[in-house]
1. Under the definition of Cα pairs under 8 Å and six or more residues apart, what whole-number percent is the relative contact order of the chain?
2. So how strong a dipole does the chain carry about its Cα centre when Lys and Arg Cβ are +1 and Asp and Glu Cβ are -1, to the nearest 20 debye?
3. Principal axis lengths of the chain from Cα atoms, whole Å, largest first?
4. Would you kindly state the longest site-free stretch of the chain, with sites defined as GluC sites (Glu not before Pro) in a DSSP loop (not H, G, I, E, B) surrounded by at most 12 other Cβ atoms within 10 Å?
5. Cα axis of helix 107-120 to longest principal axis of the chain: angle in degrees, 0 to 90, nearest 10?
6. Could you order the peptides 177-183, 225-231 from most to least packed, using the average number of other C-beta atoms within 10 Å per residue?
7. Among Leu179, Ala90, Ile39, which residue has its Cα positioned farthest towards the positive end of the charge dipole of the chain, with +1 placed on the Cβ of Lys and Arg, -1 on the Cβ of Asp and Glu, and the dipole taken about the Cα centre?
8. Enter the angle in degrees (range 0 to 90, nearest 10) between the Cα long axis of helix 139-149 and the first principal axis of the Cα atoms of the chain, meaning the one along which they spread out most.
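Nothing in this text is a laboratory measurement; each read-out follows from the coordinates by a stated rule. For clarity, every value in this text was computed on a predicted model and none was experimentally measured. As a convention, Cβ positions derive from the backbone with ideal geometry for all residues, glycine included, and neighbour counts pool all protein chains shown.
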Amino acid sequence: MSPQHLAHLEREHQPAAIRRRLRESRRASTVPDAVLGGIDGCVTTFAVVSGAFGAGFAPQVALVLGVANLLADGFSMAVSNYEAGKAQLAQIRNAEKMEREHIALIPEGEREEIRQILQGKGFEGTLLENMIEVIASDHDVWVAMMVQEEHGLPAVEPSPVRSALATFAAFLAVGAVPLLPYAIPGIELKTQYLASLGLAAIAFFVVGVLKSVFYRQSIWRSGLRTMLMGTAAAGIAYLTASVAQRLIGG
């Protein structure tokens, strides 16, 4: 580890920096939503382009179908993500309500649950009993612990609106990339498709790279893996359309 990196870590672990980081981490990250939206958007539009090319459709048809799918699928995915976030919020609220009822009705049973959870983490003896007393003295902390540990729900609540917007924005931005060559008139159909293929591959790779930056993964491995998975999905669409065209047209 370089001295500069060590100095950076020391600054980030000063009391003020820790408080700031913990306060910021209470907001659910929308990076997974953006990554999912970007990949799905590019796959969707390039699959349409590949299918249209494999079936021998005119470039105007590919562009119209691509834009229609881009808007409709992007909106559908954003709505689905919003509803999923709302469902998870409802699940958290129901778990909180149930735990508060249990604490009021059977507090000793709930204390025993705390005891067994903490024992599973290696605490015992006087320290264990003191921790139980501290947690049980604050019902908000008690409920939050049970929701997370017993029900397996996240400690940070999701933001359905932010997740939906991140998904939709990434879907449109990345999904529009494979359609760009088809918006330029006067280009040969095969050249348009190859240009779309190259742009889609670059878009997949960039999404993978951005994902690796946020999650501290290998840039090349993440970028290449995302690119291969995306182009494979589009390849399936191309082969399907090509075979269907031969069967129907033949």
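1. Values: 286 pairs, mean separation 91.3, N = 250.
In percent, rounded to a whole number, it is 37.
2. Details: 21 positive and 23 negative charges, 258 e Å.
The dipole magnitude comes to about 1240 debye.
3. Result for the chain: principal-axis Cα extents of 79, 51, 27 Å.
4. 1-123
5. Relative to the chain, helix 107-120 is tipped by roughly 70 degrees.
6. On the way: 177-183: 21.4, 225-231: 19.3.
Per-residue Cβ counts within 10 Å, averaged per peptide and sorted highest first, yield 177-183, 225-231.
7. It is Leu179.
8. 50
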